[in-house]
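Take a look at the structure below.
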Amino acid sequence: MGQTMTAVAIEGGKGPAEALRPETIARPEPGPGQVLIKVRAAGVNRPDILQRLGGYPPPPGAPATLGLEVAGEVVHPAGRWKVGDRVCALLGGGGYAEYAVCDARHALPIPRGLDFVQAAALPETVFTVYANVFEHGALKAGETLMVHGATSGIGVTAIQMAKAAGAKVIATARGAGKAAQAKALGADLAVDATSEDFAEVAKREGGVDVVLDMVGGDYFAKELDALKTGGRIVFIAALGGGEISFPVFRLMQKRAVVTGSTLRPRDADEKARLAAEVERVVWPWIEAGKVKPVVDATFPLAEAAKAHAHLEAGAHLGKVVLTVD
């Protein structure tokens, strides 16, 4: 074959946003059980920034280029998919490109009523929220979820998915404007963490059952304070500090569970299991309009550097997506 395509590479292997450059590389060849997707849109995520900085290497066998989720059309069929099917997919890497390959089991049909840009905003955040909030965190209808970083891609998805499942949501954000945005997305309570103590607010509300934490650092002690007996704290990042002090006796008193996970290094069978669960549980919520992808901005593939700079500036609401002609 020997066909080529445009993809985004990191000049020098790692660096600032400006190090992202479009390059011509070989088009990937699908292996057994893999689909080849003509990419129409690719989601931009915080782990991409981490990888660009040299802190999150791709798993063995994954492309060195960035990009964990795409939407587009199948051009090489496998599994349940035929040529021309519109799919969105979770990838180990390589999404910032004109073509991407993935395990056919990790692709999902684009939900009715969504375009490629909206669909590309789904896989990474929806899989992450489902695995962490509903599986590890075991959130149930009638329980209370606390979500930090409420206006991030993960935050806006977690608020909507928890509400769709019948839970109460307390969201925290930095600034009154972001707190208001979280409320508009369906949070029952939105706390401006720069002016209010979220633990005190949560305790007034009767405490929380599950915390989705992407901050770490000094948030942990306050979360434990806000937790109901038998509550769960689930870590998916530590933007405020990766080391926490652990009050063991307080943990014992609360019968608390502290857990966390990453999505990318999970094996192919586990991702396939998760994809099937997401399609069964979350896709009907999307098609019913209970969960909507929130896209803050789009950038052409060649302007991936601008997309990263925009995400790093932190003023976004929801997802940043690259578009591919």
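Read the figures in this text as sums done on the coordinates, not as results from a lab. Since the structure is predicted, the reported quantities are computational estimates derived from the model, not experimental observations. Every residue, glycine as well, gets a Cβ built from its backbone with ideal geometry; the counts of neighbours run over all protein chains shown.
Mind giving me the FRET efficiency for residue 82 and residue 309? R0 is 30 Å, r the Cβ-Cβ distance, nearest 0.05 is fine.
It comes out at approximately 0.20.
Residues with amide H under 5 Å of residue 168's amide H, sequence separation 5 or more or different chain, H placed in the peptide plane at 1.01 Å from N; which?
Counting only residues 5 or more places away or on other chains, the set is 142, 143, 144, 145.
Near the amide H of residue 295, under 5 Å away, which other amide H atoms are found, from residues 5 or more places off or on another chain, if H is placed in the peptide plane?
For residue 295, the qualifying residues are 319.
Give me the distance between the Cα centres of region 195-212 and region 22-76, rounded to whole Å.
Cα centroid to Cα centroid, the span is 38 Å.
So in the chain, what percent of DSSP beta bridges are antiparallel if you round to the nearest 5? Walk me through the intermediate numbers first.
Numbers: 32 of 57 bridges.
In the chain, DSSP labels about 55 percent of beta bridges as antiparallel.
Between residue 184 and residue 3, take the C-beta separation as r, use R0 = 35 Å, and let me know the FRET efficiency to the nearest 0.05.
Approximately 0.15, to the nearest 0.05.
Run the numbers for residue 268 and residue 195: contour at 0.36 nm per residue of separation, minus the present Cα-Cα distance, in nm.
Between residue 268 and residue 195, full extension yields an extra 21.9 nm.
Given the peptides 153-162, 259-268, 69-78, arrange them by the average over their residues of other C-beta atoms within 10 Å, most packed first.
Ranking, from highest mean packing down: 153-162, 69-78, 259-268.
Once you order the gyration tensor axes a ≥ b ≥ c over the Cα atoms, which shape class does region 126-260 get: rounded for a/c under 1.5, otherwise prolate or oblate by comparing a/b with b/c? Please report the intermediate quantities before stating the final value.
Values: a/c = 1.38, a/b = 1.21, b/c = 1.14.
Rounded.
Could you please report the charge total around residue 279, scoring K, R as +1 and D, E as -1 over all other residues with beta-carbon less than 12 angstrom from its beta-carbon? Please report the intermediate quantities before stating the final value.
Working: positive: 80, 105, 273, 280; negative: 277, 287.
Around residue 279, the surrounding residues sum to +2.
Note down the magnitude of the dipole of the chain about its Cα centre, charges +1 on Lys and Arg C-beta and -1 on Asp and Glu C-beta and zero elsewhere, to the nearest 20 debye.
620
In region 283-311, whose amide N lies under 20 Å from the spot 7 Å out along Cα-to-Cβ of residue 205? List them in ranges.
Output list for this probe position: 291-292.
Using mean Cβ contacts within 10 Å as the protection proxy, how do 95-103, 290-298, 109-117 order, highest first?
Output ranking for 95-103, 290-298, 109-117: 95-103, 290-298, 109-117.
Using the crude model of +1 on Lys and Arg Cβ and -1 on Asp and Glu Cβ, and no other charge, please compute the dipole size for region 126-260 relative to its Cα centre, in debye to 20.
280
Out of residues 5 or more away from residue 85 or on other chains, whose amide H comes under 5 Å of its own, with H placed 1.01 Å from N in the peptide plane?
74
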